[in-house]
1. Being of a type in the set (Val, Ile, Thr), over 28 Å from ALA93 (Cβ atoms) and modelled with pLDDT of 95 or more narrows it down to one of THR392, THR407, THR341, THR345, so name that one.
2. Just checking, does region 156-164 include any residue being surrounded by fewer than 23 Cβ atoms within 10 Å (Cβ to Cβ), within 30 Å of LEU231 (Cβ to Cβ), touching a strand residue (DSSP E or B) at 6+ places or on another chain (Cβ under 9 Å) and not hydroxyl-bearing (Ser, Thr, Tyr)?
3. Among the residues in region 171-187, are any free of Cβ contacts under 8 Å to residues at least 24 places away in the same chain and either closer than 20 Å to ALA119 by Cβ or of a type in the set (D, E, K, R) (or both)?
4. Which of the residues that make up region 343-394 are within 30 Å of ARG257 (Cβ to Cβ) and assigned to a loop (DSSP other than H, G, I, E, B)?
5. If you check LEU126 against the conditions, is it among the aliphatic types (A, V, I, L, M) and either in contact with a helix residue (DSSP H, G or I) (Cβ under 9 Å, 6 or more places away or on another chain) or in contact (Cβ under 8 Å) with a residue 24 or more places away in the chain (or both)?
6. Select from region 173-213 the residues that are surrounded by fewer than 22 Cβ atoms within 10 Å (Cβ to Cβ) and either β-branched (Val, Ile, Thr) or touching a Gly at 6+ places or on another chain (Cβ under 8 Å) (or both) and list them in ascending order.
7. Search region 30-65 for residues being of a type in the set (S, T, N, Q) and surrounded by 23 or more Cβ atoms within 10 Å (Cβ to Cβ), and hand back the single one that is nearest to LEU377 (Cα to Cα).
8. Tell me, which strands (runs of 3 or more DSSP E) lie completely within region 239-342 with 2 or more residues that are of a type outside the set (Lys, Arg) and buried (at least 23 other Cβ atoms within 10 Å of the Cβ)?
Amino acid sequence: MTTARQLADWAVALDPTPEDLALADRSLQDTVAAALCARDEPLLHQIGVLGRAGRWAVASHVVDFDDLHMPSTTHISTICVPVALDTAGGARAYLAGAGVMARLGSALGWDHYSAGWHATTTSGALASAATAAIALGLDAERTAIALALAVPASGGVQRAFGTDAKSLQVGFAVDAGVRAAHLAAAGVTAELEVVDAWLRLVGATADTIDLAGPAIPDGLAVKLFPCCYALQRPIGAAASLRSAVEDTNAITRILVRTPRGTVKPLIHHRPTTGLEAKFSLEYAVAAALVDEHCGFATFSDDGVNRPALQALLRRLEVDLHDEDAQQLLSGRVELTVESATGVHTAELVDPPGSPGNPPTGAQLDHKFADCLDGTGLSAADLTWADASVVLTDHLPTPAAVLNGTPTPQGDAS
């Protein structure tokens, strides 16, 4: 049996448990909140050529506040929540697509990510197709065809990180998957073996896909800071020292020691923009020592270019060491801060918000309050029944521009 058909059989037969559904509800609130906090981002006024699901996906990803599936290093909900809402598939369609994405992403593994692929988009196109196919009520054969039709869009690279192209890659993957599902529903055909061929080309094989376990194996990590997930742990460690290091002007040296694999996506060492700062280990640690809370202001252009922070960056050193398991959360991060008040140290294994260090109710409330500020909404307003209307009401709907002429924006559903 082909991988496409195996995944399709699993998705069509999925019967979510109460635990699965609870995770889906939290993911919905987290993803929609992340999208709403991006409502004033200039990029959202420039993406009228994308379908509705693609635009919502860009919105939920552009400020880097969306959840993460740690084993696959993929942002599952930024793909599957917008598609489930756009196609009125609800929690079950979300979980089916999320389960496909978790398993594909885990099969691709760390070698795929460390090679420079943007794993969210390589596995995301097929996950989008699975989500939409279940929402449309397709049977296993048609769902498998949708997966196969999404393969040509399964791309995206990490070099785009720190630019608009990163979140646009997510929108492209989402739109391609929705389109593939509609084509499958219309009766088009495809060779199902192409999914296996694609897996081999990008470094995986079908025998590494495990269909056992809950809908989303190992759960999802919630971001508490609006930046790359690789920064959540260093920020958590640095924040724990903030009270001990009261005068950051007195800091003479900062040493960050972490496994080499944990900095793979952190490609900006002296950022000058907020987008670049979201992928800068040096900036994030310095900012966490200075700012009471690493929030939206921290990762703004003005925040990055504060003279005091730029000066602090010059006192920071990074020591990368090798470990057998070179993955995003290998080992631990160790932080040493030397100042006039003494030497202060901290270390952290599980990032705040991760399944091993889950977010508290107060932390989630803080995040939702930040994201929903000015909307008049609360997390309770973000439900599977109402979230589509909320997104439509609060996010811009730009006209598509083709050949210099604005045209009405049609929905993908």
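1. Working: THR392 fails: over 28 Å from ALA93 (Cβ atoms); THR407 fails: modelled with pLDDT of 95 or more; THR341 fails: modelled with pLDDT of 95 or more.
Answer to the selection: THR345.
2. Yes: one or more hits.
3. Initial filter on region 171-187 (free of Cβ contacts under 8 Å to residues at least 24 places away in the same chain): 186-187.
Then drop every residue that is not either closer than 20 Å to ALA119 by Cβ or of a type in the set (D, E, K, R) (or both), which leaves none.
The answer is no, given that none of the residues of region 171-187 is free of Cβ contacts under 8 Å to residues at least 24 places away in the same chain and either closer than 20 Å to ALA119 by Cβ or of a type in the set (D, E, K, R) (or both).
4. Within region 343-394, VAL349, ASP350, PRO351, PRO352, GLY353, PRO355, GLY356, PRO358, PRO359, THR360 meet the criteria.
5. Numbers: among the aliphatic types (A, V, I, L, M): yes; either in contact with a helix residue (DSSP H, G or I) (Cβ under 9 Å, 6 or more places away or on another chain) or in contact (Cβ under 8 Å) with a residue 24 or more places away in the chain (or both): yes.
When the stated conditions are applied, LEU126 passes them.
6. Selection gives VAL188, THR189, VAL194, VAL202, GLY203, THR205, THR208, ILE209.
7. As a first pass, look at region 30-65 and keep what is of a type in the set (S, T, N, Q): 31, 46, 60.
When the remaining residues are screened for being surrounded by 23 or more Cβ atoms within 10 Å (Cβ to Cβ), the result is 31, 60.
Working: THR31: 14, SER60: 17 Å.
Of everything passing the filter in region 30-65, THR31 is nearest to LEU377 (Cα to Cα).
8. Values: elements: 251-259, 316-321, 333-339.
Counting at least 2 such residues, we get 251-259, 333-339.
The values are calculated or read from the model by the stated rules, or taken from the named source; none is laboratory data. Here the structure is a predicted model, which is why all the values come from computation and not from measurement. In this analysis, Cβ positions are derived from the backbone assuming ideal geometry, glycine residues included, and neighbour counts consider all displayed protein chains.
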